[in-house]
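Undergrad: One structure, as structure tokens, below. Some questions next.
Since every read-out is calculated from the coordinates, none of them should be taken as a lab result. Because the structure is predicted, anything quoted here is derived from the model rather than measured. Here the Cβ positions follow ideal geometry from the backbone for every residue, glycine too, while neighbour counts run over all protein chains shown.
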Amino acid sequence: MPSTGPAAAAQRLAAAIHEAFEAYHARFAAVTRRARQRFEQRDWAAAQADAVERIALYDLCIAQCMADLPAVAGGRLPDRDGWRAVRAAYAGRIEGLIDGELYKTFYNTLTRRLFATHGVDDAIEFMAIDLEPSDAITHPVARHVYSVSETRPAEAFERALADARFHVPYRHRLRCAAAIAVRLQDDLAHWGPYPVRAIELLETVFYRERRAYLVGRVFGEHRFSPCVIALVNDGQGLRAEAVLSRRRDVAHLFGVSRSYFQADLPTVADAVVFLRSLLPGKPVDEIYTVLGRAKQGKTERYRTFFRHFLQNRDERLVAAEGTPGMVMSVFTLPSYPLVFKLIRDRFAWPKTVSRQDVEDRYALVFNLDRIGRLLDAQPYRHLRFPLRRFAPDLLAELQESCARSVRVEGDDLVIALCYVQRRFRPLNLYLREQGADAARSAALDYAQAIVDMARNDIFPGDMLLKNFGVSRHGRAVFYDYDELCRVGDCNFRAWPQPHSAEEAMAAEPWFHVAPNDVFPERFPLFMGLPQSLMDAVREAHGELFDPQWWRDLQATFARGEHPDTPPYPRALRLA
């Protein structure tokens with residue numbers, strides 16, 4: 001006969017939550033393991049469906065656990081005071097686990113939904129803002145290590161390629177290995193006459209979109225650098241397409257404007273520690289997120305931001321730099337690289353979207369292949385900030401224009417929903433601040449960003465410069481999604497020619513324009529580039545202004561085809 005009483009109920013609930021997380025973890029791993037098969041079979045549509053399915057898993061498993069818990073508790077869940085015992089029992093079950101933080105985040109999500117928690121309730125949640133949990137992890141992630149011969153360096157890379165086992169053969173493994181060795185020797189020649197002494201690669205292969213990646217480090221005599229080998233399956237066999245050894249290029253690959261990797265890691269936290277050694281400037285929350293652990297990424301982002309926020313008690317939240325948006329009110333803490341975006345209650349003309357449209361489009365981006373051009377936007381609910389930390393003009397704006405999203409509770413402002421993104425420099429400001437060469441490069445990359453998105457069935461809608469940002473490495477990304485849609489949903493038209501002087505001089509179009517009509521020839525009017533930069537964009541990317549180019553893309557998508565967009569420049573590809 002099962003034990004009764006509050007203590008026994010707490011143990012049963014803790015066990016049920018523990019089992020629910022492990023069931024989620026197993027389902028997550030099962031979806032992730034399909035990535036190898038998708039890569040081998042070149043089934044890119046199924047790979048994208050898997051990515052969407054895996055993103056949805058977390059909330060599905062949380063909902064199932066919530067539905068099951070009352071029966072586990074004997075018909076009625078304990079109140080908030082009784083839940084302290086559940087937390088204590090759960091803590092005992094996960095003590096010492098490498099991925100204990102993942103278990104805690106699952107538990108926290110559950111309690112926040114059960115008790116509709118606003119802010120943080122540290123009596124029943126796990127929260128340690130003053131600690132960096134990954135700092136305590138010393139468990140070495142599983143990896144292969146290869147010594148590189150000075151006289152026959154390709155042998156080590158051939159062994160490395162052989163150890164990454166696939167059911168598809170290489171077209172020519174030795175040639176791939178030789179090309180990798182030559183590229184690394186060339187890229188790292190500044191290390192000395194015999195630069196590459198060893199290479200170590202994680203046992204787990206990383207997959208995303210149409211590529212597989214061997215991820216690790218390359219060692220010289222006195223230093224090391226990241227080493228990522230990109231593999232493609234072109235239908236004739238596997239081949240190594242690129243080698244990335246500069247932190248900047250690897251940071252782009254693991255960037256917050258890209259979709260999540262499929263990597264079947266036995267444990268996650270030790271891999272995060274390893275990846276931080278490759279990318280010491282990348283926040284731990286972004287590494288968790290790019291590995292597909294978006295909820296853990298949100299937890300780490302919250303933890304690190306509020307630790308900084310509490311340590312800088314005199315700094316105020318202020319409106320973000322740049323042109324204020326008609327749909328979003330955006331604020332930031334100047335010393336921390338995040339922005340918080342709230343949907344306004346009413347949108348100024350000519351915006352015709354609804355609040356639900358905006359939420360749907362941000363959710364759409366969450367599930368898309370973001371191909372390095374769409375910034376990850378994480379939704380947070382019921383964030384709590386002290387009122388005194390808001391600049392007065394910002395607080396007045398939020399209470400006036402975002403009243404549906406904010407409310408005052410005592411000395412705090414509670415935000416019902418906001419989207420949190422990495423802070424990038426708005427492109428319109430960046431162009432004013434840079435010299436001619438840097439401005440031209442940024443304008444061309446802005447146009448390339450629109451091309452990249454279009455080739456992946458994404459139309460930004462609003463092409464204004466203020467809706468794009470520039471990374472610290474000079475890369476243009478799009479971050480304002482209220483008018484984003486699929487290319488296939490648009491009707492790309494040529495601009496009609498007027499038949500009379502009256503039509504030519506009309507202030508408004510003299511012909512019918514449907515809501516989904518798009519006129520590429522008119523894009524320059526909305527881009528807002530200076531004429532010299534507009535001329536450079538026209539020369540490099542004239543296709544953007546040609547309705548037929550867009551219609552040809554639509555025909556390609558209708559056939560089930562999607563052009564490939566490599567996540568690195570052509571110069572990094574192997575011969």
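Undergrad: So between ALA8 and GLN185, what do we pick up on full extension, going 0.36 nm a residue minus the alpha carbon distance?
TA: On the way: separation 177, 0.36 × 177 = 63.72 nm, distance 6.29 nm.
Going from the current span to full extension adds 57.4 nm.
Undergrad: Which value, in debye to the nearest 20, gives the size of the charge dipole of the chain about its Cα centre, when Lys and Arg are +1 and Asp and Glu are -1 at the Cβ?
TA: It comes to approximately 1120 debye.
Undergrad: Moving on to the next point. Report the dimensions of region 236-361 along its three principal axes from the alpha-carbon atoms, largest first, rounded to Å.
TA: The Cα atoms of region 236-361 stretch 54, 45, 27 Å along their principal axes.
Undergrad: Then there's this: Using modelled amide H (1.01 Å from N, peptide plane; none on Pro or chain starts), what sits under 5 Å from the amide H of ASN491, excluding residues fewer than 5 places away?
TA: Those qualifying (amide H under 5 Å, at least 5 residues apart or on another chain) are ASP517, VAL518.
Undergrad: Residues of region 350-394 with backbone nitrogen within less than 11 Å of a virtual label 7 Å along the Cα-to-Cβ line of ARG316, please, listed as ranges.
TA: 388-394
Undergrad: Please work out the ratio of the alpha-carbon Rg of region 57-117 to 2.2 N^0.38 Å and round it to two decimals.
TA: The reported ratio for this selection is 1.13.
Undergrad: Let me ask you something else. Would you work out the Kirkwood radius for the chain? I mean one over the mean of 1/r across all pairs of different Cα atoms, in Å.
TA: Its Kirkwood hydrodynamic radius stands at 26.3 Å.
Undergrad: If you build the Cα gyration tensor of region 143-304 and take the root of 5 times each eigenvalue, what three semi-axes come out, in whole angstrom, biggest first?
TA: Listed largest to smallest, the semi-axes of region 143-304 are 27, 19, 13 Å.
Undergrad: Residues in region 157-189, backbone N under 16 Å from the label point at ARG223 (7 Å along the Cα-to-beta-carbon vector): list them, ranges by number please.
TA: What the label zone holds, given the 16 Å backbone N cut-off, is 184-189.
Undergrad: For the pair SER335 and ARG407, what calculated FRET efficiency results from E = 1/(1 + (r/R0)^6), where r is the Cβ-Cβ distance and R0 = 35 Å, to the nearest 0.05?
TA: The value I calculate is 0.85.
Undergrad: Residues in region 266-280 near a label at ARG246, defined as backbone nitrogen under 19 Å from the 7 Å Cα→Cβ point?
TA: Correct set: 278-280.
Undergrad: Right, something else. Scan the chain and hand back the longest stretch that contains none of the GluC sites (Glu not before Pro) lying in DSSP loops with at most 13 other Cβ atoms within 10 Å. Present the calculation step by step, with values, prior to reporting the outcome.
TA: Working: sites that count: GLU95, GLU150, GLU221, GLU321, GLU561.
The longest uninterrupted stretch comes out as 322-560.
Undergrad: With +1 on each Lys and Arg Cβ and -1 on each Asp and Glu Cβ, and nothing else charged, work out how big the dipole of region 6-127 is about its Cα centre, in Debye to the nearest 20. It would help to have the intermediate numbers written out before the result.
TA: Numbers: 16 positive and 16 negative charges, 44 e Å.
Here the size comes out at about 220 debye.
Undergrad: Another one. Of SER147, TYR568, ALA391, which is farthest along the charge dipole of the chain in the positive direction, counting Lys and Arg as +1 and Asp and Glu as -1 at C-beta?
TA: Result: SER147, furthest along the dipole toward the positive end.
Undergrad: State the answer as a single residue: which of TYR24, ALA67, GLN41 lies farthest towards the positive end of the charge dipole of region 6-127, with beta carbon charges of +1 for Lys and Arg and -1 for Asp and Glu, about the Cα centre.
TA: Result: GLN41.
Undergrad: Set the Förster radius R0 to 60 Å, insert the Cβ-Cβ distance between ARG76 and PHE523 as r into 1/(1 + (r/R0)^6), and round the FRET efficiency to 0.05.
TA: Efficiency, from the Cβ-Cβ distance: 0.50.
Undergrad: In whole Å and largest first, what semi-axes does the C-alpha gyration tensor of region 427-572 yield when each eigenvalue is scaled by 5 and square-rooted?
TA: 27, 21, 13
Undergrad: For ALA363 and PHE306, compute 0.36 nm times the residue count separating them, minus their Cα-Cα distance, and round to one decimal in nm.
TA: 18.0 nm
Undergrad: On to the next question. By the scheme Lys and Arg +1, Asp and Glu -1, what is the net charge of all other residues having a beta-carbon under 10 Å from that of LEU265?
TA: Every neighbour counted, the sum reads -3.
Undergrad: To the nearest Å, what is the center-to-center distance of region 13-55 and region 159-225, using C-alpha atoms only?
TA: 27 Å
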